[in-house]
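*Asks:* I am attaching a structure below and will ask some questions about it afterwards.
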Amino acid sequence: MVNTVIENIDTSRKNIDMVCSSWYEEVLTLANKVGVAEFVPRKTSFQRNRSNTPSESPSQHHKRAIAIPLIDSLLSQMKERFSNDHGHSKRLLFLIPSIITLSDNLNIESIKEAKQSLLFWESDLPFPSSLQNELRRWHTLWQSQLGADIPNIFLLALGSCDSDSFPNIHQLLLISCTLPITSAEAERSFSLLRIIKTCLRSTMAEERMSDLGVIATHYSEIISVVDVYLHFLLTKYHSIILSVGYNHHCIT
């Protein structure tokens, strides 16, 4: 489906004159309804915030300044986000029992295709030569348990996978559970850093900043003040507590 969308966008880019003409007619119809006139932005000999796009008409200007850059950006983003490497990651979904059991009779070609994609992580697998056999046994195992509660996420599938019987699949499920799905976690840490390290905290040490970042990230965790106090005493003043206790024992 993703490849079809990329092909459609690529086709629109190749036929940009015809496609943009159709778009522009729709835009003019909508502009007339809301009372917006057709115009071209002012051009000068020197532009600081935008470029002087050469054009002979408003439609040509908007095609070169808006439509073509938009389609090029969309096409490059789609190819980057859904590259071949992402296709290999998508094939990991094949290991989820609730997905692999959707096919009653898994043919050899489907297993071979899945194997070729999963061998992208061949260097991480303990026995890559037996991966195809494991996939067939993995499908048979869950096909015989259709009436039971079948795992539908990677974490549950990992808990149900025996590392001795399915060493390759167990390793692939571990990889699946650790693959970052989005960049949200990294962006979240940068956002927290702006909140934690303000101009009034510019001299904060790295260890303290890291600890505050962890607390801010996992804010839902309930931290006992008493436990923190005891941990601080045992780590910072361990020798003092032992000497006081020893002296107290000698006195008594």
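*Asks:* Can you give the local net charge around PRO126? Use residues other than it whose beta-carbon is closer than 12 angstrom to its beta-carbon, Lys and Arg +1, Asp and Glu -1.
*Replies:* Within the 12 Å Cβ shell, the charges total -4.
*Asks:* To the nearest 0.05, how large is the calculated FRET efficiency for LYS43 and PHE120 if R₀ is 51 Å and r is the Cβ-Cβ distance?
*Replies:* It comes out at approximately 0.50.
*Asks:* On a C-alpha basis, how far is the centre of the range 91-146 from the centre of the range 17-67 in Å? Whole number, if you could?
*Replies:* 52
*Asks:* Could you pull out the pairs from LYS90/LYS115; LYS14/LYS63; LYS14/LYS79; LYS79/LYS115 whose alpha carbons sit more than 22 Å apart here?
*Replies:* As for pairs spanning more than 22 Å Cα to Cα, those are LYS79/LYS115.
*Asks:* Another question, then. Need one word for the chain: rounded, prolate or oblate. Basis is the Cα gyration tensor (sqrt eigenvalues a ≥ b ≥ c); a/c below 1.5 gives rounded, then a/b vs b/c decides.
*Replies:* Values: a/c = 3.37, a/b = 1.34, b/c = 2.52.
Oblate, because a/c is 1.5 or more while a/b does not exceed b/c.
*Asks:* Does the range 153-230 come out rounded, prolate or oblate by the C-alpha gyration tensor, with a ≥ b ≥ c the root eigenvalues, rounded set by a/c under 1.5 and, if not, prolate when a/b is larger than b/c and oblate if not?
*Replies:* Because a/c hits 1.5 or more and a/b exceeds b/c, the range 153-230 counts as prolate.
*Asks:* On full extension of the chain, what length is gained from LYS33 through SER191, given 0.36 nm per residue of separation minus the C-alpha to C-alpha distance?
*Replies:* Stretched fully, the LYS33-SER191 segment lengthens by 52.7 nm.
*Asks:* Rank GLN77, GLN132, GLN143 by mean-square fluctuation in a GNM of the chain with C-alpha springs under 10 angstrom and give only the top-ranked residue.
*Replies:* GLN77
*Asks:* Against the longest alpha carbon principal axis of the chain, how many degrees, from 0 to 90 and to the nearest 10, is the axis of helix 2-14 turned?
*Replies:* Around 30 degrees separate the two axes.
*Asks:* Residues with beta-carbon under 13 Å from that of ASN168, excluding ASN168: net charge, scoring Lys, Arg +1 and Asp, Glu -1? Mind dumping the intermediate values first?
*Replies:* Numbers: positive: LYS115, ARG136, ARG137; negative: GLU122, ASP124, GLU134, ASP162, ASP164.
Around ASN168, the surrounding residues sum to -2.
*Asks:* Please compute the net charge surrounding ILE96, taking Lys and Arg as +1 and Asp and Glu as -1 over other residues with Cβ under 14 Å from its Cβ.
*Replies:* +1
*Asks:* Turning to a different aspect of this structure: What's the FRET efficiency of ARG50 with ILE6 using the Cβ-Cβ distance as r and R₀ = 41 Å, to the nearest 0.05?
*Replies:* The formula returns an efficiency of 0.90 here.
*Asks:* Can you find, among LEU92, ASN107, LEU233, the residue sitting farthest towards the positive end of the charge dipole of the chain, where Lys and Arg contribute +1 and Asp and Glu -1 at Cβ?
*Replies:* LEU233
*Asks:* What dipole magnitude, in Debye to the nearest 20, does the range 86-178 give about its Cα centre under +1 on Lys/Arg Cβ and -1 on Asp/Glu Cβ? Kindly include the intermediate steps, with their values, before the conclusion.
*Replies:* Values: 6 positive and 9 negative charges, 37 e Å.
Charge dipole, the range 86-178, about its Cα centre: 180 debye, nearest 20.
*Asks:* Here's a follow-up. Using the Cα centre of the chain as the reference point, and only Cβ charges (+1 on K/R, -1 on D/E), how large is the resulting charge dipole? Debye, rounded to the nearest 20. Provide the component values of the computation, followed by the final result.
*Replies:* Values: 23 positive and 26 negative charges, 226 e Å.
The dipole of the chain has a size of about 1080 debye.
*Asks:* Additional query: Nearest 0.05, what FRET efficiency do ASP149 and SER57 give at R0 = 45 Å with Cβ-Cβ as r? Walk me through the numbers on the way to the answer.
*Replies:* Details: r = 64 Å, r/R0 = 1.43.
My answer for the efficiency is 0.10.
*Asks:* Calculated from DSSP H runs of 4 or more alone, at -39500 (n - 2.57) each and per residue, what is the 222 nm mean residue ellipticity of the chain, nearest 500?
*Replies:* -19000 deg cm²/dmol
All of the numbers you see were taken from the coordinates with simple rules; none came from a lab. In this text, all values refer to a predicted model and were calculated from it rather than measured experimentally. Cβ coordinates were reconstructed from backbone atoms using ideal geometry, including for glycine residues, and neighbour counts include every protein chain displayed.
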